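Structure, as structure tokens:
The values are calculated or read from the model by the stated rules, or taken from the named source; none is laboratory data. These numbers come from a predicted model, not from an experiment. All Cβ positions, even for glycine, are placed from backbone atoms using ideal geometry, and neighbour counts span all protein chains on display. For the accessible areas, the whole protein counts, side chains as well, though only heavy atoms, and no ligand, DNA or RNA atoms are used. Shrake-Rupley method; radii C 1.70, N 1.55, O 1.52, S 1.80 Å.
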Amino acid sequence: MFTDYEQEGIIEEVPSSEVVSSQPTYYMPHRPVVKESGSSTKVRPVFDASATSYNGTSLNDCLESGPSLNPDLVKVLVRFRKRKVALTADITKAFLQICVQPEDRDVHRFLWKCKDSIRMTRFVRVPFGNTSSPFLLNATIKYHLQSYPDTEVVKELKDNLYVADWLSGADTADEACEKFKESQSILAEAGFPLSKWHSNCKLFAT
């Protein structure tokens, strides 16, 4: 389950010289969640950063959640339903596209049972389950979008992106295709690939 994470640079093994660290250290418990109907990932790990350590404190107890930067969901849905051509997508492994600072990685450790051994590993990217993860994702995307002129697509990415799910649309199929291309390009430049595209238009049928 974690082999792909390691190959993609999402996690790393804790070097033997750093197992005993002078920095704060926290090990996150985890469990697998199986979803047979999943279109891409059938099994995914879920980490519990709210689990208390030996001193009664969890990682989430030490993190600021930050303000909610999500748009009003009702307004997002109303805007979405106004268009003739529906267009939806989500960001692939959204939280895992954001790096954790090296000095903070030891509080994102976990134990990985690999064959007959137990490996000490830690996250290089932000894991889902941290109380600050939603804020970090939204803040990073909004910061990235500041470097672009306020085109219609950029405005929609700012206003209609709820966590990692984007709800958009257009009045014609050609307009939807242009939004498809522009949104993919903009978010890909920040390392946020859009996937799981769905539409009521046959041009987007897979």
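Quick notes on this structure:
- Projecting label points 7 angstrom from Cα along Cα→Cβ for Ser117 and Asp4 puts them 2.4 nm apart.
- Computed over the stretch 1-100, the P(r) tail beyond 23 angstrom holds 52 percent of alpha carbon pairs.
- Per-peptide packing, taken as the mean over residues of other Cβ atoms within 10 Å, places 14-26, 145-157 in the sequence 145-157, 14-26 from highest down.
- P(r) tail for the stretch 117-206: Cα pairs beyond 23 Å make up 34% of the total.
- Backbone geometry of the stretch 74-80 corresponds, through the Karplus equation with coefficients 6.51, -1.76 and 1.60 at θ = phi - 60°, to 3J(HN,Hα) couplings of 4, 5, 4, 5, 5, 4, 4 Hz, x marking Gly and Pro.
- Protein heavy-atom surface of the chain, 1.4 angstrom probe: 53% of the accessible area is carbon and sulfur, with nucleic acids and ligands not counted.
- Once you reduce the stretch 143-195 and the stretch 38-106 to the center of their Cα atoms, the two points are 18 Å from each other.
- Only one residue of Thr131, Val100, Tyr54 has its Cα farthest out toward the positive end of the dipole of the chain, where Lys and Arg carry +1 and Asp and Glu -1 on Cβ, and that residue is Thr131.
- Rounded FRET efficiency, nearest 0.05, which uses the C-beta distance separating Cys62 from His144 and R0 of 25 Å: 0.40
- Cross-link pairs beyond the 20 Å C-alpha cut-off, checked among Lys42/Lys93; Lys155/Lys181; Lys42/Lys142; Lys142/Lys179; Lys42/Lys181: Lys42/Lys142; Lys42/Lys181
- Helix 173-188 axis, angle to the chain major axis (alpha carbon atoms, nearest 10°): 30 degrees
- Theoretical FRET efficiency, 1/(1+(r/R0)^6), r = Cβ-Cβ of Asp48 and Leu203, R0 45 Å, to 0.05: 0.60
- Using Cβ point charges alone (K and R +1, D and E -1), the dipole size of the chain about the Cα centre works out to roughly 700 debye.
- Charge dipole of the chain about the Cα centre (unit charges at C-beta), most positive-ward option of Ser117, Ser195, Gln146: Ser195
- With Cα atoms, 0 to 90° folded angle of helix 133-145 axis to the chain main axis: 50 degrees
- Spin-label model distance (nm) - Lys181 vs Lys196, 7 Å beyond Cα toward Cβ: 2.7 nm
- Surface exposure of the stretch 84-138, expressed per residue as accessible area with a 1.4 Å probe, stands at 46 Å².
- Taking 0.36 nm per residue of separation and subtracting the current Cα-Cα distance, fully stretching the chain between Glu18 and Leu77 would add 16.4 nm.
- A cut-off of 5 Å between modelled amide H atoms, ignoring neighbours fewer than 5 places along the same chain, links Arg125 with Val100.
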